[in-house]
Amino acid sequence: MEDKVSRLYNDLFKIEKRTKRFRLYPIHKQLSLPDNQDIYDFLIKHFNLNESKSILDAGCGVGYGSLKMAQSTPANVLGISISPLEIHQARQNLIQLGNENCSFDILSFEDIPKNSFDTIICVESLKHAIPIHSSVHSLMDGLRLNGRLIVVDDFYCGSTVSQKPEQKLIEDWRLEKLIDIQDLPAGTTIDITNYVSSKSILSSRLKLLGLVMLKSFVSESYTDIFRGGIYLDILYTQKKMNYMILEIKKHK
Ligand SMILES: C[S@@+](CC[C@H](N)C(=O)[O-])C[C@H]1O[C@@H](n2cnc3c(N)ncnc32)[C@H](O)[C@@H]1O
């Protein structure tokens with residue numbers, strides 16, 4: 001399963017590499033937060049990340065957020081991803097920016113060293129981690145006492161589970177399920193769904209149609225990546241998703 005996620009992000013990187021001029025880019029939703037803040041800027045301010053000594057950016061993509069945190073805080077920042085191509089690019093980005101308090105590693109959530117970080121950040125990375133429950137436990141184990149795990153992600157909040165293909169996307173992705181894991185302290189949440197820009201259902205349906213036509217020309221893993229994103233847009237339009245920040249503190 002991990003191989004599948006790694007392949008997915010390697011494939012996504014190959015697509016982004018073709019289209020992006022700059023190689024340091026976010027792989028998360030572009031929000032309309034006040035003052036044009038990116039979600040990482042928001043986290044740095046809201047959670048006083050400049051008081052952290054060690055931050056793990058768990059699922060760091062090409063290092064966009066890790067480097068932002070390394071620039072704005074004195075903390076030692078480690079960015080990890082399961083995709084070797086992303087980490088290679090993140091290291092190139094680090095060389096260009098020259099932050100001494102930042103490093104990158106190819107590492108799965110399951111292999112995070114225990115008791116090592118004050119703060120662990122997961123921006124849109126946890127929902128892809130398989131199996132999700134044991135990943136949450138590994139992340140909690142990676143925290144020092146009184147550390148906190150901060151998860152930013154899409155959480156399913158609809159009442160009915162649809163039988164359509166998007167069901168794959170929403171299985172297990174209810175907030176209550178995630179924080180009700182035995183032994184896990186209850187978390188606090190901030191709902192920032194209002195800052196997600198809404199897409200029209202028509203444009204999403206048209207994109208799906210476009211994908212069907214593309215199917216005969218490109219590999220299935222490429223179309224899978226985009227299909228997941230389009231279903232997510234549709235669920236947002238149907239008000240079945242919330243974009244949330246979840247903070248869980250480690251007390252023992
Ligand atoms: C949507 S991207 C978000 C990247 C980054 N947080 C950002 O906002 O730019 C998800 C990231 O999580 C990583 N990821 C997913 N599952 C993982 C796992 N089990 N272990 C380590 N990294 C994982 C992917 O490789 C990818 O870098």
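Read-outs throughout are calculated quantities, based only on the coordinates presented, and are distinct from any laboratory measurement. This structure is a prediction, so every number in the text was calculated from the model and none was measured. All Cβ positions, even for glycine, are placed from backbone atoms using ideal geometry, and neighbour counts span all protein chains on display.
With contacts taken as Cα pairs under 8 Å and at least 6 residues apart, segment 33-128 reaches a relative contact order of 32 percent. Separation of segment 6-23 and segment 35-109 by C-alpha centroid, Å? First find each Cα centre; the distance between them is then 18 Å.
The residue among Tyr9, Ala70, Leu209 whose Cα reaches farthest toward the positive pole of the charge dipole of the chain, with charges on the beta-carbon of Lys, Arg, Asp and Glu, is Leu209. Taken over segment 11-84, the ratio of Cα radius of gyration to 2.2 N^0.38 Å equals 1.16. Descending by average beta-carbon neighbour count within 10 Å, the peptides 66-74, 200-208 line up as 66-74, 200-208, the highest first.
Classify segment 17-136 as rounded, prolate or oblate, taking a ≥ b ≥ c as the square roots of the eigenvalues of its Cα gyration tensor: rounded when a/c is under 1.5, otherwise prolate if a/b is larger than b/c and oblate if not.
Taking the square roots of the gyration eigenvalues as a ≥ b ≥ c, segment 17-136 is rounded.
Approximating the spin labels as points 7 Å out from Cα along Cα→Cβ, the Met213-to-Ser198 distance works out to 2.8 nm. You can think of it this way: the chain between Lys252 and His46 has 71.8 nm of extra reach, that is 0.36 nm per residue less the Cα-Cα gap.
P(r) tail, segment 52-92: Cα-Cα pairs separated by more than 14 Å, 38% of all pairs. How many percent of all Cα-Cα pairs in the chain sit more than 33 Å apart? The share of Cα pairs beyond 33 Å in the chain comes to 16 percent.
Can you work out the FRET efficiency for the pair Ser159 and Arg21, with r the C-beta to C-beta distance and R0 = 41 Å, to the nearest 0.05? It comes to 0.40. With 29 Å as the limit, the listed pairs Lys4/Lys207; Lys53/Lys252; Lys14/Lys250 have Lys14/Lys250 beyond it between alpha carbons. Ordering Leu49, Asn93, Ile112 by the projection of their Cα atoms onto the charge dipole of segment 1-147, which places +1 on the Cβ of Lys and Arg and -1 on the Cβ of Asp and Glu, puts Asn93 at the extreme positive end.
Only beta bridges with both residues in the chain are counted; by DSSP, about 40 percent of them are antiparallel. Charging the Cβ of each Asp and Glu at -1 and of each Lys and Arg at +1, and nothing else, the dipole of the chain about its Cα centre rounds to 660 debye.
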